Amino acid sequence: MAISLGPSGLVLNNDTMGHYEEGQWQCYLYNASSGGTAVGGGYVGYIRVGDLVTLHGQASFTNASAAIGGVATYINLPFTPRNYGGQNSSDLIISTWNTALNMWEEGYPSISMSPGSTRHAFYRHMYNGADNMTGSHWGNGGRIQFNNQVYMTS
């Protein structure tokens, strides 16, 4: 493996990694993919190297149940996900706690990342399918934890 610094950025095996960025984005839950009621969850960290985005940190949604109720929830991400070979979406498995879901019995949560979208649906995956995670599932203190989840942007 050859690593060097070129005029356009870090070079790894003759491939230029032209973009490096560290920062935070404000994480929101929405009650619709195109807008709707927003519930702020605080700031979460990211590191972007080239097209790879790594998410780390946690956000707490203190009033999702009261503000959104039984409607499907969506989340924003710091960068628009890339199209993965023509797929409609790719799932980003996440950790949650202090929600109305028992992950062991009621399914695990994920973000369904849609290429080109700025907001992405939450789902809970169960034995025979998946349904939307609602504001009621989040409750009034639900948290999301990003444990170095990685996705690709354009």
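Here are a few things to note about the model shown:
- FRET efficiency, 1/(1 + (r/R0)^6) with R0 41 Å, evaluated for N83 and N140 via beta carbons: 0.70
- Probe 1.4 Å, accessible area per residue of the range 48-154, Å²: 47 Å²
- Atom-type composition of the exposed protein surface of the range 50-154 places 46 percent of the accessible area on carbon and sulfur (1.4 angstrom probe).
- Extension gain for the segment Y127 to H19, taken as residue separation times 0.36 nm less the Cα-Cα distance, is 34.9 nm to one decimal.
The values are calculated or read from the model by the stated rules, or taken from the named source; none is laboratory data. Because the structure is a prediction, the values reported are computed rather than measured. For neighbour counting, all protein chains shown are included, and Cβ atoms are generated from backbone atoms with ideal geometry for every residue, glycine included. SASA here: full protein model, heavy atoms, side chains in, ligands and nucleic acids out. Shrake-Rupley method; radii C 1.70, N 1.55, O 1.52, S 1.80 Å.
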